[in-house]
Each structure stands twice: as structure tokens, then as C-alpha cells.
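Chemist: Would you mind keeping the following structure in view while I ask a few things?
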Amino acid sequence: MKLPHPRHACPACPALCSISLLICSAVLPLTLQAEGHPKDVTGTRMVRTITNSGETSTPQDLSSSLIAALVPNGLGGFTSISGTGLANGTFTIPQIPKGKFWFQFGTSYVWTDEHKLDLDVYAYGRTDAVPASLSTLLTFNVTGLTPFVASDILQWYSTNVNSVYAYLGDLNPSNMPLPGDTAMAGTTQDWVDAGLLLVDTTKGDEPSLTQLRSVTAGTETYAVLSGLFKPTSLVQTDGLPTTLNGVMAPVPQDEKVRMAWDRTPYATYQSQVNPSALPSFQRFVVHTPPWGTKKGFIAATADLVNFYPSSLATTSLDLGEAHFGNPFPHRWGQIYSINQNYSISYLAPGATHPRPIQGALSTNSLKEPKQNRPMVQAISPVLGATINGADAFLAQSGLTTSPTLTWSKPTNGEADAYSVAVIHLFAQGLSTRAVTAATLITEKSSLTIPSGILQPGQSYVFRIRAIQADDVEPSKAPFRLNTFPFATADVLSAVVTVAP
């Protein structure tokens, strides 16, 4: 949702790496293309951690972080001015002229003219939580299930520990209930295989196991939360087995949502993602975050309704009202989300096995869908993307190390920011690997990649993501662009290869 204020935000996940930058040595000193007196760029990086006991802010140690300003030099390149980060979460880049520049934080780049930046991020869960490093079995002996069917969901969720979250069936535990069973009898999951954090109720963790029972509506089946087992005591110790015994209590089915979803725009959006894109995933979900809805997505949420359509069609759906239970606190709120993913197979030079990369369309709303107001994708992909003036959907070779990308704004919805991921494709043995080399954030519909990101002779894919979010400032607070309601839409380029 666009604000009257001219600045909005966007998330990125900084990863530290060494980046070489273009410095044109033909003219010394380089001319910085800006007017006005230079001044320091300063900012902070605080991790705002939310737990069951409240919110705390901890500075991130920036003493070894890569921080710089890349100022246009008027010759098609950028002058790099290094910054200094401190252990107290503050940083300074000295004497940056007035005007636009790339702010670099690790492998994240933000196109901005701000001289005071807020790099704060939210995190969920106590900071001393750790995953299992040894075989750590958790066995469930739980009665009171609604007669189990194969499409039912058993969801493990714990507040206070980075939202430990899983569909147990996806983790392949032993002794899962069989169709018709009303109990979990010795269902066992190894926490080290699942990669889940260890739970300790003595530290304020509140684990729960929910059953989402299957409901059939015509030819479709969805799952609604119907039962809750809430252990009052659980202390998992790395390397030691634990058993939970209890009863799955029924949850009143006193909540409802209209299962109405307008999927018809996807017929148009598919080719806009990429002409070769194939639909790979659709989902409609009602979920609830323990930190509430005001701070946006931070970590995994607890599902209340989960629906995977039987086909990835582009027809409208209206399954009527779904009745479900919500045993969690009312203050958490509810989010209504739809997702449509597309897959494209990419082959790196020298590889024989391609790798799929997903282009996603997602919408996350705080408004409950109605019969006359179905869920629908809130923003469409950008149009007419080019790389150095050539169609972004056509493969290129001989690319420069500092190409210019352009695009037109989405025809549906208004973008508050754009995120361009530079995805490096390379062969590892016979397989194709894909690693994000950099993420660039801008409010404009074009950008020039700073030299040093693309390497000679290497191949890349660009993912251009249009982002629509509420009450955000991408050029000032670039790592918080997930406030509700928000939506995203991706475009994936063809493979481009940089000149040797």
C-alpha cells in the first residue's frame, strides 16, 4: 500500500563477503556526481528480539562488517568509500556528497540518498536456543485425535524459540498414525534430522501439537485446526530421548473464513514471470503469528486453515465457509495468505543436471475474504524487463560486469520497492548450483549493477521482485519490508554470461 510519504522499505538478508568495486583511474581525483556539502552517513543495526516475556534490542557487532557507499562518478562507474562499523551496532561512512548512491552492507545494496540509516531487524525467539547436534528423539503418545486420514496435518509449534515449527508428516517420523487411528502411539521424531530447536519450558517456551483435520468440499480438500495438545513440561537435552504423553483436546470450531480465491489473474501473470515458467505450487492459508501482525513476517506462524488445490488451475474457487478453531491468544491476530509459485529449470555451463529456481507471487492480507471479496493477487510482475537494452527473457553472452536493468511498473497494484537478486549459476560436478551473489533494493524502475558483483566468464540469473507493503521506507529502513498487508511478484530472467 503506497504512502503519501516518499520513502518506503524493503527487507534483505545481508551476508558478508568481499566485493571489488569499479574505480575509474583515468581521472584523479574522481568526480562524485552530487551537489551540496558532503556529510557522514551514519546508522545503527539493532536486533529487536521478541519473546514471550517481551521485546529487547541488542546491537549487532559491525566491527567486521563490509560497509561502504558507492557514489556515481559520472563515468559510468562508482567510487567506493569505505565505512567503519563498531561493536555497539553503529557505523559511519565519512563525507558522502548529497545525492543518490548505493549503500552496501555485506552483499545487500540499497539505492538511497539518506545520510541516516536504520538497519534494524526483528527476530523471534530467545537467543540462547540451539538445535540438536546429536540424535535427540522425541516420542509422542497422544490420544484423542479425530480419526486420522492421510491428508490430515499434525503441526508442532513452539513459541519463544524462533517459532519451532513443522508438519510432522513432512519430517518422516516413525509410527505416524494410520488412517482411522485416534492416537499417536510411539510416533518418534529425531530432532537432529528435523533441524528443529530444542524446547525448554523452564525458559518460557510454550510448545503445542495441533491436528488439522481434513474437510472435503466438492472435489477439493482442505485442513482446519480441530485439536490441541499443549505439554506443560518439556525439557529437551541434546543427545537424550524424551517422551510426551497426553491428550489432544478438541478445539471449538467457532471461527470461520470464506474459502474464496480468484485465481484467474494467474493465467496472465505466468508468462510475465517468464515465458518458460511452469506452475509448481498453490496454497491458501489462514495463520497466526505469536508476535502479532503489526511487525510483519518475522518467523514461522501457526496454521489454522491450510488448503492446497487439487490442480494448479487458473479458475476461481469458492468452497464456501470453512469452520475452524483458534486456540491461540486473540492478540496474535490472523493473516490470510495466497501463494502461486512458478518453476524454471536452469542449466549452468559445464553441468548436465539443471536446477529449478522458483518465481513466486504472494499476497498476505489482514482482511478476511468474503464471497464478494475473494482472495486475489495484490500486485503483478513488472513488465518489459531489459538487460543492457536487450530482452531479459533472452539468453545473453558477452555481458558487461556493470549492466543496467530496466523494467516497467506492474499493471496491477503499486510497488513500494523493487528487489533484484543476482543469482550466480555454476557447475558443481554435473549439477547446477545457484547462489545469491547480491541483493539490490531500489524504488526506481531501473538500476546499474555495481562492478565487482558479476565476475568475468560467470553466468547469472536476475530475479526482479515487485514489493508492496504497508508503512515502509526502503531507502531509510531497508531491512523491514514485510509489514502487513504485503504482496510480492517475481520476474526471472534468462541466463546471462559475463564476458571473459
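The values are calculated or read from the model by the stated rules, or taken from the named source; none is laboratory data. What you are looking at is a predicted structure, and each value in this text was computed from that prediction instead of being measured. We place every Cβ from the backbone using ideal geometry, glycine too, and count neighbours over all the protein chains shown.
Chemist: Scan region 238-290 for residues that are of a type in the set (D, E, K, R), within 16 Å of Leu304 (Cβ to Cβ) and not in a strand (DSSP E or B) and jot them down.
Modeler: If the condition is that a residue be of a type in the set (D, E, K, R), within 16 Å of Leu304 (Cβ to Cβ) and not in a strand (DSSP E or B), then Asp254 is the only one that fits.
Chemist: Next up: Kindly indicate which of Ser82, Ser64 is over 24 Å from Leu481 (Cβ atoms) and without any contact (Cβ under 8 Å) to a residue 40 or more places away in the chain.
Modeler: On the way: Ser64 fails: without any contact (Cβ under 8 Å) to a residue 40 or more places away in the chain.
Just one listed residue meets the conditions, Ser82.
Chemist: So Ala69 clears everything in (1) assigned to a strand (DSSP E or B); (2) at pLDDT below 95; (3) of a type outside the set (Phe, Trp, Tyr) except one condition, right? Which one?
Modeler: Just one mismatch for Ala69, condition (2).
Chemist: Can you work out which of the residues in region 105-141 that are assigned to a strand (DSSP E or B) and over 23 Å from Thr483 (Cα atoms) is nearest to the chain's Cα centre (by Cα)?
Modeler: Per the criteria, the residue is Pro131.
Chemist: Out of (1) out of contact with any Gly (no Cβ under 7 Å at 6 or more places or on another chain); (2) surrounded by 14 or more Cβ atoms within 10 Å (Cβ to Cβ); (3) of a type outside the set (A, V, I, L, M); (4) not in a strand (DSSP E or B), what's the single condition that is false for Asn364?
Modeler: The number of the failed condition is (4).
Chemist: Of everything in region 193-231 that's of a type in the set (Asp, Glu) and not in a helix (DSSP H, G or I), which residue is surrounded by the fewest Cβ atoms within 10 Å (Cβ to Cβ)?
Modeler: Filtering region 193-231 down to residues of a type in the set (Asp, Glu) leaves 193, 200, 205-206, 220.
Filter again for not in a helix (DSSP H, G or I), leaving 200, 205-206, 220.
Working: Asp200: 19, Asp205: 24, Glu206: 18, Glu220: 15.
My answer is Glu220.
Chemist: Answer yes or no: is there a residue in region 426-435 that is hydrophobic (A, V, I, L, M, F, W, C) and assigned to a loop (DSSP other than H, G, I, E, B).
Modeler: Yes.
Chemist: Anything in region 296-317 that is surrounded by 15 or more Cβ atoms within 10 Å (Cβ to Cβ) and either of a type in the set (Phe, Trp, Tyr) or without any contact (Cβ under 8 Å) to a residue 40 or more places away in the chain (or both)? List them, or say none.
Modeler: Hits for region 296-317 are Phe297, Phe307, Tyr308, Leu312.
Chemist: Select from region 151-168 the residues that are in a loop (DSSP other than H, G, I, E, B) and either without any contact (Cβ under 8 Å) to a residue 40 or more places away in the chain or of a type in the set (S, T, N, Q) (or both) and write down the one among them that is farthest from Pro241 (Cα to Cα).
Modeler: The first filter runs over region 151-168 and keeps only residues in a loop (DSSP other than H, G, I, E, B), leaving 151-152, 160-163.
After this cut, where a residue has to be either without any contact (Cβ under 8 Å) to a residue 40 or more places away in the chain or of a type in the set (S, T, N, Q) (or both) as well, the list is 151, 160, 162-163.
Numbers: Ser151: 28, Asn160: 22, Asn162: 22, Ser163: 21 Å.
Filtering first and then ranking leaves Ser151.
Chemist: Quickly run through region 367-376 and pick out the residues that are part of a loop (DSSP other than H, G, I, E, B) and either under 17 Å from the mean Cα position of the chain (by Cα) or surrounded by fewer than 17 Cβ atoms within 10 Å (Cβ to Cβ) (or both).
Modeler: If the condition is that a residue be part of a loop (DSSP other than H, G, I, E, B) and either under 17 Å from the mean Cα position of the chain (by Cα) or surrounded by fewer than 17 Cβ atoms within 10 Å (Cβ to Cβ) (or both), then Lys367, Glu368, Gln371, Asn372 are the ones that fit.
Chemist: I'm trying to understand the selection: among the residues of region 439-461, which are in contact with a Leu (Cβ under 7 Å, 6 or more places away or on another chain), assigned to a loop (DSSP other than H, G, I, E, B) and small (Gly, Ala, Ser)?
Modeler: Those that are in contact with a Leu (Cβ under 7 Å, 6 or more places away or on another chain), assigned to a loop (DSSP other than H, G, I, E, B) and small (Gly, Ala, Ser): Ser451, Gly452.
Chemist: Does any residue of region 153-166 turn out to be hydroxyl-bearing (Ser, Thr, Tyr) and either surrounded by fewer than 14 Cβ atoms within 10 Å (Cβ to Cβ) or farther than 30 Å from Lys256 by Cβ (or both)?
Modeler: no
Chemist: Another question about this same structure. Any idea which of Thr216, Thr293 is of a type in the set (Val, Ile, Thr), out of contact with any Cys (no Cβ under 7 Å at 6 or more places or on another chain) and in contact (Cβ under 8 Å) with a residue 24 or more places away in the chain?
Modeler: Thr293
Chemist: From Ser82, Ser53, grab the single residue that is of a type outside the set (A, V, I, L, M), more than 30 Å from Thr293 (Cα to Cα), outside the structural domain of Asp205 (by TED's automatic domain parsing) and loosely packed, with under 14 Cβ neighbours inside 10 Å.
Modeler: Step by step, each of Ser82, Ser53 is checked, and only Ser82 is of a type outside the set (A, V, I, L, M), more than 30 Å from Thr293 (Cα to Cα), outside the structural domain of Asp205 (by TED's automatic domain parsing) and loosely packed, with under 14 Cβ neighbours inside 10 Å.
Chemist: Which is out of contact with any Pro (no Cβ under 9 Å at 6 or more places or on another chain), of a type outside the set (Asp, Glu), buried (at least 21 other Cβ atoms within 10 Å of the Cβ) and in a strand (DSSP E or B), of Ala477, Ala487, Ala415?
Modeler: The match here is Ala487.
Chemist: Moving to a separate point now. On the given criteria, is Gly320 outside any loop (DSSP other than H, G, I, E, B) and surrounded by fewer than 17 Cβ atoms within 10 Å (Cβ to Cβ)? Give the steps one after another, and end with the answer.
Modeler: Values: outside any loop (DSSP other than H, G, I, E, B): yes; surrounded by fewer than 17 Cβ atoms within 10 Å (Cβ to Cβ): yes.
Spelling it out, Gly320 is indeed outside any loop (DSSP other than H, G, I, E, B) and surrounded by fewer than 17 Cβ atoms within 10 Å (Cβ to Cβ).
Chemist: Ok, one more. Tally time: how many residues in region 169-202 are closer than 12 Å to Phe148 by Cβ and in contact (Cβ under 8 Å) with a residue 40 or more places away in the chain?
Modeler: Adding up the residues that qualify gives 4.
Chemist: Looking only at region 490-500, how many residues end up being surrounded by fewer than 23 Cβ atoms within 10 Å (Cβ to Cβ) and within 15 Å of Leu405 (Cα to Cα)?
Modeler: So the count comes out to 4.
Chemist: Let me ask something else about it. One residue is enough: does region 169-184 have a residue meeting the conditions crowded, with 21+ Cβ neighbours inside 10 Å and in a strand (DSSP E or B)?
Modeler: yes
Chemist: In a strand (DSSP E or B) and over 23 Å from Asp470 (Cβ atoms): which single residue out of Pro356, Pro349, Pro327 fits that description?
Modeler: Pro356
Chemist: Can you say whether Ile93 is crowded, with 22+ Cβ neighbours inside 10 Å, β-branched (Val, Ile, Thr), in a strand (DSSP E or B) and more than 27 Å from the chain's Cα centre (by Cα), as far as the supplied structure shows?
Modeler: Yes; evaluated as a whole, the condition is true for this residue.
Residues are listed down the side, and each one gets a yes or a no for (1) in contact (Cβ under 8 Å) with a residue 24 or more places away in the chain; (2) more than 22 Å from Phe78 (Cβ to Cβ):
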{"site": "Asn388", "(1), (2)": "no, no"}
{"site": "Leu425", "(1), (2)": "yes, yes"}
{"site": "Lys476", "(1), (2)": "yes, no"}
{"site": "Asn482", "(1), (2)": "yes, yes"}
